[in-house]
Amino acid sequence: MSVASAVAVAMSNTPEGQEALRRGAAEAELRQAELIVLSVVDRDSVSAEDQSAAQAEVERALPGKATTVRVEPDGGDPAGALVDLVADVGAGMVVIGSKRRSAVGKFLMGSTVQRVLLDCPVPVLVVKAP
(Lines give C-alpha, C1' and ligand atoms only; values in the text may rest on other atoms or scores of the structure.)
Protein backbone atom coordinates (compact mmCIF):
# COMPACT_ATOMS: atom_id res chain seq x y z
CA MET A 1 0.00 0.00 0.00
CA SER A 2 1.52 3.32 -0.98
CA VAL A 3 1.72 6.16 1.54
CA ALA A 4 0.30 8.55 -1.10
CA SER A 5 -3.01 6.73 -0.68
CA ALA A 6 -2.94 7.39 3.09
CA VAL A 7 -5.70 9.11 5.02
CA ALA A 8 -4.39 11.44 7.73
CA VAL A 9 -6.47 12.27 10.79
CA ALA A 10 -5.87 15.24 13.07
CA MET A 11 -6.31 13.78 16.53
CA SER A 12 -7.42 15.69 19.60
CA ASN A 13 -8.89 14.61 22.90
CA THR A 14 -12.31 16.17 22.22
CA PRO A 15 -15.61 14.71 20.98
CA GLU A 16 -14.88 16.30 17.59
CA GLY A 17 -11.38 14.79 17.54
CA GLN A 18 -12.72 11.36 18.43
CA GLU A 19 -15.31 11.59 15.64
CA ALA A 20 -12.55 12.60 13.20
CA LEU A 21 -10.63 9.50 14.27
CA ARG A 22 -13.63 7.22 13.66
CA ARG A 23 -14.45 8.83 10.30
CA GLY A 24 -10.81 8.79 9.23
CA ALA A 25 -10.62 5.06 9.98
CA ALA A 26 -13.80 4.50 7.94
CA GLU A 27 -12.39 6.55 5.03
CA ALA A 28 -9.11 4.62 5.13
CA GLU A 29 -11.00 1.33 5.07
CA LEU A 30 -13.23 2.51 2.23
CA ARG A 31 -10.22 3.63 0.18
CA GLN A 32 -8.09 0.63 1.26
CA ALA A 33 -5.53 3.16 2.43
CA GLU A 34 -3.14 3.47 5.33
CA LEU A 35 -4.44 5.42 8.35
CA ILE A 36 -1.99 7.97 9.74
CA VAL A 37 -2.96 9.74 12.95
CA LEU A 38 -1.38 13.14 13.48
CA SER A 39 -1.21 14.79 16.89
CA VAL A 40 0.15 18.30 17.27
CA VAL A 41 1.10 19.24 20.85
CA ASP A 42 1.41 22.78 22.16
CA ARG A 43 4.96 22.39 23.43
CA ASP A 44 8.42 22.99 22.01
CA SER A 45 9.34 19.32 21.93
CA VAL A 46 7.73 15.89 22.02
CA SER A 47 8.59 13.36 24.69
CA ALA A 48 8.36 9.57 24.55
CA GLU A 49 5.48 10.00 27.01
CA ASP A 50 3.58 12.15 24.46
CA GLN A 51 4.06 9.50 21.79
CA SER A 52 2.97 6.68 24.12
CA ALA A 53 -0.11 8.60 25.26
CA ALA A 54 -1.16 9.32 21.68
CA GLN A 55 -0.64 5.68 20.67
CA ALA A 56 -2.68 4.48 23.67
CA GLU A 57 -5.52 6.90 22.86
CA VAL A 58 -5.67 5.65 19.26
CA GLU A 59 -5.65 2.01 20.39
CA ARG A 60 -8.52 2.76 22.83
CA ALA A 61 -10.57 4.48 20.12
CA LEU A 62 -9.75 2.00 17.32
CA PRO A 63 -8.94 -1.36 18.93
CA GLY A 64 -7.10 -3.72 16.61
CA LYS A 65 -6.80 -1.14 13.80
CA ALA A 66 -3.32 -0.78 12.30
CA THR A 67 -2.28 2.87 12.36
CA THR A 68 0.77 5.04 12.24
CA VAL A 69 0.81 7.73 14.93
CA ARG A 70 2.94 10.88 14.55
CA VAL A 71 3.26 13.44 17.34
CA GLU A 72 4.92 16.79 16.61
CA PRO A 73 5.26 20.15 18.44
CA ASP A 74 3.15 22.99 17.05
CA GLY A 75 5.84 25.70 17.17
CA GLY A 76 3.14 28.25 18.06
CA ASP A 77 1.16 27.52 14.88
CA PRO A 78 -1.04 24.40 15.17
CA ALA A 79 -2.60 24.80 11.71
CA GLY A 80 0.79 25.27 10.07
CA ALA A 81 2.24 22.31 11.95
CA LEU A 82 -0.67 20.11 10.84
CA VAL A 83 -0.36 21.19 7.19
CA ASP A 84 3.40 20.52 7.34
CA LEU A 85 2.79 17.06 8.81
CA VAL A 86 0.29 16.24 6.07
CA ALA A 87 2.84 17.16 3.43
CA ASP A 88 5.56 15.24 5.28
CA VAL A 89 3.58 11.97 5.42
CA GLY A 90 2.30 12.39 1.85
CA ALA A 91 -1.36 11.83 2.70
CA GLY A 92 -3.98 12.05 -0.03
CA MET A 93 -6.73 13.25 2.33
CA VAL A 94 -7.09 14.80 5.80
CA VAL A 95 -9.93 14.36 8.30
CA ILE A 96 -10.35 16.96 11.07
CA GLY A 97 -13.00 17.63 13.68
CA SER A 98 -14.64 20.99 14.24
CA LYS A 99 -16.97 22.65 16.73
CA ARG A 100 -19.72 24.95 15.66
CA ARG A 101 -18.73 28.55 16.46
CA SER A 102 -20.35 31.84 15.69
CA ALA A 103 -18.87 34.20 13.10
CA VAL A 104 -17.81 36.57 15.89
CA GLY A 105 -16.10 33.70 17.74
CA LYS A 106 -14.17 32.78 14.60
CA PHE A 107 -13.19 36.41 14.02
CA LEU A 108 -11.98 36.98 17.58
CA MET A 109 -10.15 33.68 18.12
CA GLY A 110 -9.15 32.72 14.59
CA SER A 111 -9.88 29.26 13.27
CA THR A 112 -7.37 26.46 13.05
CA VAL A 113 -9.84 24.50 10.94
CA GLN A 114 -10.23 27.41 8.51
CA ARG A 115 -6.45 27.74 8.17
CA VAL A 116 -6.11 24.01 7.50
CA LEU A 117 -8.88 24.18 4.90
CA LEU A 118 -7.21 27.08 3.11
CA ASP A 119 -3.59 25.94 3.37
CA CYS A 120 -3.78 22.16 3.04
CA PRO A 121 -2.64 20.84 -0.37
CA VAL A 122 -5.01 17.82 -0.27
CA PRO A 123 -8.79 17.41 0.22
CA VAL A 124 -9.98 17.98 3.79
CA LEU A 125 -13.01 16.30 5.35
CA VAL A 126 -14.37 18.27 8.31
CA VAL A 127 -16.60 16.37 10.74
CA LYS A 128 -18.63 17.38 13.78
CA ALA A 129 -19.32 15.27 16.85
CA PRO A 130 -22.77 13.61 16.79
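The values are calculated or read from the model by the stated rules, or taken from the named source; none is laboratory data. Everything numeric in this text was worked out from a predicted model, so none of it was measured. Positions of Cβ are backbone-derived with ideal geometry, glycine not excepted, and every protein chain shown enters the neighbour counts. Calculation scope for accessible area: heavy atoms of the full protein, side chains included, ligands and nucleic acids excluded. Shrake-Rupley method; radii C 1.70, N 1.55, O 1.52, S 1.80 Å.
Relative contact order of the chain: 33 percent, from C-alpha pairs under 8 Å at least 6 residues apart in sequence.
Ligands, DNA and RNA aside, residue 68 has an accessible area near 50 Å² when probed at 1.4 Å. Of the two radii for region 4-127, the radius of gyration is 0.95 times the Kirkwood radius, both from the alpha carbons; that is the Rg over Rh value. If you bin all the Cα-Cα distances of region 1-43 at 5 Å, starting from zero, the percentages per bin are 6, 26, 28, 21, 11, 7, 2. Taking +1 at the Cβ of each Lys and Arg and -1 at the Cβ of each Asp and Glu, which of 10, 127, 71 sits farthest along the dipole of the chain towards its positive end, judged by Cα position relative to the Cα centre? Farthest towards the positive pole: 127. As a calculated quantity, the FRET efficiency between residue 115 and residue 26 at R0 = 30 Å, using C-beta atoms, amounts to about 0.75.
Spatial offset of region 1-79 relative to region 110-124 amounts to 17 Å, using the alpha carbon center of each. Heavy-atom accessible area for residue 5, with the other protein chains in place and a 1.4 Å probe, reaches approximately 50 Å².
Surface exposure of region 1-85, expressed per residue as accessible area with a 1.4 Å probe, stands at 52 Å². Between the beta carbons of residue 53 and residue 129, assuming R0 = 25 Å, the FRET efficiency works out to 0.75 to the nearest 0.05. About its Cα centre, the chain has a charge dipole of approximately 660 debye under the convention of +1 per Lys or Arg Cβ and -1 per Asp or Glu Cβ, with nothing else charged.
Applying both filters, DSSP loop and at most 14 other Cβ atoms within 10 Å, to the trypsin sites (Lys or Arg not before Pro) of region 1-81 gives 43, 65. For the chain, carbon and sulfur atoms together expose 52% of the accessible surface, with a 1.4 angstrom probe and every protein chain in place.
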